[in-house]
1. Scan (1) touching a Phe, Trp or Tyr at 6+ places or on another chain (Cβ under 8 Å); (2) away from every other protein chain (no Cβ under 14 Å); (3) touching a residue at least 60 places away in the same chain (Cβ under 8 Å); (4) small (Gly, Ala, Ser) for the single condition A:Gly293 breaks and write down its number.
2. Can you find a residue that is in contact with a Pro (Cβ under 8 Å, 6 or more places away or on another chain) and modelled with pLDDT of 90 or more anywhere in segment A:277-295?
3. I'd like to know if segment A:67-78 contains one or more residues that are under 18 Å from the mean Cα position of the chain (by Cα) and without any contact (Cβ under 8 Å) to a residue 60 or more places away in the chain.
4. In segment B:49-89, how many residues are surrounded by 13 or more Cβ atoms within 10 Å (Cβ to Cβ) and in a loop (DSSP other than H, G, I, E, B)?
5. From the list A:Gly185, A:Gly169, which one is of a type outside the set (D, E, K, R), touching a His at 6+ places or on another chain (Cβ under 9 Å) and farther than 22 Å from A:Val94 by Cβ?
6. If I filter segment A:232-260 down to residues being of a type in the set (Val, Ile, Thr) and within 11 Å of another protein chain (Cβ to nearest Cβ), which single residue comes out as surrounded by the most Cβ atoms within 10 Å (Cβ to Cβ)?
7. I'd like the full set of residues that are of a type outside the set (S, T, N, Q), part of a helix (DSSP H, G or I) and surrounded by fewer than 16 Cβ atoms within 10 Å (Cβ to Cβ), limited to segment B:21-48.
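The values are calculated or read from the model by the stated rules, or taken from the named source; none is laboratory data. Small disclaimer: the values here were computed from a predicted structure and weren't measured. We place every Cβ from the backbone using ideal geometry, glycine too, and count neighbours over all the protein chains shown.
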Amino acid sequence: MDSLVTHSSILAIAIPLLAAFIVPLVSKVGDKARNTVVIGALALAEFLVIILARDIYLNGLHVYTLGAAATDLTIPEHYMVPVRIILEVDAMSVFMGIITTTISLAGAIYSISFMKEETGGDRFYTLLLLLAVGMLGLVFTGDMFNFFVFLEILSISGAALAAFRTRFGDATEGGFKYIVISAVGALVVLFAVGILYSQYNLLSIAALAQAIQYTALDKIALALLVVALAMKLASVPLHMWAPDTYSVAPAGTTPMIYVASQACLYGLFRVLFSLYGVSLDTLTIGWVVIILGVLSMFVGVTMAVHQSDIKRLMAYHAISQSGYMLLGIGVGLAVLADPQALASYGREAISGGIFHIINNALYKGLLFLTAEALFFALGTRDLNKMGGMFRNMKYTAIFFIIGALAISGVPPFNGFTSKLMIYESVYNFSPVLAVIAMLVSILTLASFTKAFQSAFTGPALPQHDNVREVPKPMLIGMGILAVAIVFFSLFPSLVVDTIVTPATDALIDQAGYIGAVMGGA
Amino acid sequence: MTAGLPFNIPFLAVVALISIGLFIILTQRNLIKLVMGIVIMESGVNLFLVSLGYRTGGIVPIFTHAPEGVMVLPVPQALTLTSIVIGVATTALMLSLIMLTYRHTGDIDAEKSRRLKG
C-alpha cells in the first residue's frame, strides 16, 4: 500500500496513457471488452488520485522524481539544481486531479451509449483517455517544459474529439478553431519557457521560483504566459473559440474539454502564485486577473441570454462562470503582499474561487450532458424546435433543474455556497465588483429559466411525440454528477474543510512549493 | 555568452520568423496560409531554443571520449526535438481538418466556409 501511494502520481498518468493505446487492440475483441478497459482505467486513475489526495492531506506535498534512485531525491548528488523530470503534487494539484478524473469517468460512461450510434469507437476512446492524461499531467507536473508537452497533448486530443463527428460541417470547424488557438497558445508558452530558460538555465517550477529576479525579460515571459493561458481558458476577450468548440464536441467529451480549460486556469494560477509569487507586483497583476474575470462574467452572460442553440448557451455560461473564479482568485492575488487583508478576506476569496472550480465542473458538466441528451433524443440543438419534453424525458429534466439551480446560485445548492464566499470577500475589496457578480448571477438564472421553459414545458411539437428518455449509461453518467452536486450542497463546510482549504493554503504557500524540491530553502 | 553582432543574428532571425508567423495568422483568411503561419512561428520558437543552447566554439555534448572544451547545452536540443514532433502532430491534424472543411463547404476561405456565428 505504501509503495502504491508513493508511485500513485505517475501511475495515475501512466495507466490511462497505456490504456489509450491498448484500446484499439482490445476493440478487436468486442465493444464490451473495450468499454471495460476504458472505464476500468479511468476508475483506477480516480482511485489512485484519491489515495494520493488522502496522503497529501495527512503528510503534505508529494514529490516524485522520475528515474532517480529514490523518488524524493529531487536533486541528484553533485548537482546544485534539479535535472530530472519531477512531478510535484500539492493539495491544489490533487484537487484539480480529483475534478479531472471524476469528470472523465462520468464522460466516459455517458459516451458508451452515444458511441453505439457512431463509428470509430476505438479511436474515440483513445482520444478520450489521452485528453484525461493531458489534464492529469498538466496539473501534476513540476516543470515548465512538461507543462507545455501536456498542454499540447490535451489540445491535440481535445481538438480531435471536438471534430469527431466529421459528418457535420460545423464539427470540423469547431475543432479547427480549437487546434489553431491551442497551437498558437502552446507556442507562446514554449517561447516564454525559452525566455525563462535563457536566464536561469532551469526548467523546474520550484527551482525557477527560487531563482527568479523579476527582470524585464521575466515580465515579458509573464505577459506571454498570461495571454496564452487566458486564451486557452476562454477568458473574454480571447473567448471566441469556446462557444464553437463546446457546441460541436460530442456527448461526454464537452465537459472534459471544459475541464481541460479549467486545467489551463490552474496553470495560470500555478504560474502566478508558485512561479512568480510575491516577487510580482501583485496588486497590478491581481487587477489584470480581476478585470479579465469581470469581463468574462459579464460578456459571457449577456451573450448567453439571447442564444437559441442550447449548447452555445451553455458554452457562454461556461465562459461567464470562469469569470467568478478569476475574480475570486484575482482579489486574493491583489492582496497577497498584504498579510492583514489576506487574512481578513483574501484567503476567503481564493477559497471561494477554488471551491467554484469544482462546483462549476460538476454542474456545468451536468448541464452540458443534459444538453447533449436533448440533442441525442431530438436531433436538434435549437431551443425553438423543442418543447414539452418534461413528459418524455423526466430524468433529464430533473437533472437539468438541479444543474440550472446550482449554476444560478440558488440556495441551498453548491453554486450558492461558493458564490456567497466570493461575494462576501470581494465586497470587502471593492463593493462594485460584488454587485456586478450578483447581477451576473441573476442574469444566469433568467437565461436558464428561459432555456428550461423552451425545452421542457409548453406543448410538445408533433414530430417529437415518439421521443423517449435517453439510454441508461447516459442517465448514469448524469446521475454521478447530480449525486455529487447534491452531496456538495448538503455538506458544503465538510467539502471546504477537507479539500478546498488545503488547496488554498497550498496555492499561497510558495515557500513550501519551492522547499519540497530545493530542500529546506 | 560573448555579445557581438554575429552572435545576435540567430535571435534577430527568431524575432523575424515569429513576427512573420503572427502577422500571417492575424491577417490571412486562407486556412492553408494560416497553418503556414503557425508553422513559421513554430520554426521561430524552435530556432530560439536551439540558439539559446549554443556556445561559441562549443562541441557536441557527448560525454564519452569528449575532447577538452566547452560543450553546447544538450537540454534545449532535447526540448526542440520534442517540440518538432509535437508540431508535426498539430500540423497534420490542422491540415486534415481543413481537408474535411473543404469537403463540406467547397472553400478554404475562413469567411466563406464559416457556419458557426454569434
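1. So the condition that A:Gly293 fails would be (3).
2. yes
3. Among the residues of segment A:67-78, not one is under 18 Å from the mean Cα position of the chain (by Cα) and without any contact (Cβ under 8 Å) to a residue 60 or more places away in the chain, which makes the answer no.
4. Residues flagged as surrounded by 13 or more Cβ atoms within 10 Å (Cβ to Cβ) and in a loop (DSSP other than H, G, I, E, B) within segment B:49-89 amount to 6.
5. Of A:Gly185, A:Gly169, the one residue that is of a type outside the set (D, E, K, R), touching a His at 6+ places or on another chain (Cβ under 9 Å) and farther than 22 Å from A:Val94 by Cβ is A:Gly169.
6. Ranking the qualifying residues of segment A:232-260, first place goes to A:Thr245.
7. Selection gives B:Phe23, B:Leu26, B:Ile32, B:Lys33.
So that you can scan it fast, the table gives a plain yes or no per residue for (1) small (Gly, Ala, Ser); (2) modelled with pLDDT of 85 or more; (3) loosely packed, with under 14 Cβ neighbours inside 10 Å:
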site: A:Leu433; (1), (2), (3): no, yes, no
site: A:Ile436; (1), (2), (3): no, yes, no
site: A:Ile442; (1), (2), (3): no, yes, yes
site: A:Lys450; (1), (2), (3): no, yes, no
site: A:Arg468; (1), (2), (3): no, no, yes
site: A:Leu475; (1), (2), (3): no, yes, no
site: A:Ala484; (1), (2), (3): yes, yes, no
site: A:Pro492; (1), (2), (3): no, yes, no
site: A:Gly519; (1), (2), (3): yes, no, yes
